[in-house]
1. Any residue that is modelled with pLDDT under 90, among the charged types (D, E, K, R) and out of contact with any Pro (no Cβ under 9 Å at 6 or more places or on another chain) - is there at least one of those in region 86-94?
2. Report yes if ALA121 is within 17 Å of the chain's Cα centre (by Cα), part of a loop (DSSP other than H, G, I, E, B) and touching a residue at least 12 places away in the same chain (Cβ under 8 Å), otherwise no.
3. For ALA69, are the conditions met, namely being within 18 Å of GLU91 (Cα to Cα), within 18 Å of the chain's Cα centre (by Cα) and either at pLDDT 95 or above or loosely packed, with under 14 Cβ neighbours inside 10 Å (or both)?
4. Restricting attention to region 165-192, report how many residues are closer than 13 Å to TYR137 by Cα and either within 29 Å of the chain's Cα centre (by Cα) or among the charged types (D, E, K, R) (or both).
5. If a residue has to be at positive phi and crowded, with 16+ Cβ neighbours inside 10 Å to count, how many in region 113-160 make the cut?
6. Keeping to region 150-168, report how many residues are of a type outside the set (Gly, Ala, Ser) and touching a Gly at 6+ places or on another chain (Cβ under 9 Å).
Amino acid sequence: MKRLKLSSIWALLTTFEDPLPIANADFASFEGAFVKGVDSVSWMANNTKKLSGFKTIGPHCWTILSTAAFGMQNKVPQESIPTDTAVKVKETMLEGVEKALGLPHRSLKSPSYTRLQLWGAALPTNTPSIPCIFDPYGRAGVCGDWLLGSSLEAAALSGMALANHIADYMQSGGERPEGFAAGLHDEFESIDGHDIGQFSHLEPNGHIENSFVPL
């Protein structure tokens, strides 16, 4: 665990009274976007659109996540974020949203609500690339997305792998415990993926064909 390295990500929750405008007519509306070419923003998603069949002319609530590099450059104690840092990060991320949408500088309307939080221990940047860790002598096991990468799929597979490993160990009656030791000394390797995790449709460097996912 001491060898595990984690990124830091800023998360900005913000509410706009109207749908976000976008300069590219091919994406007149969108639910979420992997953002590339913007230092302060890696992902943005419209939470209001998660409500199936829900249509409204009211507020639109967005979650905006920074890049890992931006998180590292502006890292502070997440339990006590200085006011000046919060103001700077919020303004820079909103400028990043503006840039991602292809809008002129300072043309984006001010949000009616914002809440900012630093995700200090966000995603793993290295991994042992094993399904689970198990110490038969200490009778302890470890599972998690970081063991196989950084995705929901990795977390689920790791959990199932540990459950099956423990079941096999218990069925063995505890004989030859050394044969059930797993992952105690594996080397860690760097993870290729997007700032907010691994996705099958993304290339390792984070590029996708289009920055925006249309509705």
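The values are calculated or read from the model by the stated rules, or taken from the named source; none is laboratory data. Model, not experiment: these values are computed from the prediction. Cβ placement follows ideal geometry from the backbone for every residue including glycine, while neighbour counts extend to all protein chains displayed.
1. Taking every residue of region 86-94 in turn, none turns out to be modelled with pLDDT under 90, among the charged types (D, E, K, R) and out of contact with any Pro (no Cβ under 9 Å at 6 or more places or on another chain).
2. Against the criterion (within 17 Å of the chain's Cα centre (by Cα), part of a loop (DSSP other than H, G, I, E, B) and touching a residue at least 12 places away in the same chain (Cβ under 8 Å)), ALA121 qualifies.
3. So ALA69 fails the test.
4. Selection size over region 165-192: 5.
5. First pass over region 113-160, keeping only residues at positive phi: 129, 139, 144, 149.
From what is left, the residues that are crowded, with 16+ Cβ neighbours inside 10 Å are 144, 149.
The number of residues fulfilling the criteria is 2.
6. Number satisfying all stated conditions: 4.
Here is a yes/no grid of residues against (1) within 15 Å of GLN117 (Cα to Cα); (2) at pLDDT 85 or above:
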residue	(1), (2)
LEU6	no, yes
LEU12	yes, yes
GLU17	no, yes
LYS36	no, yes
SER52	no, no
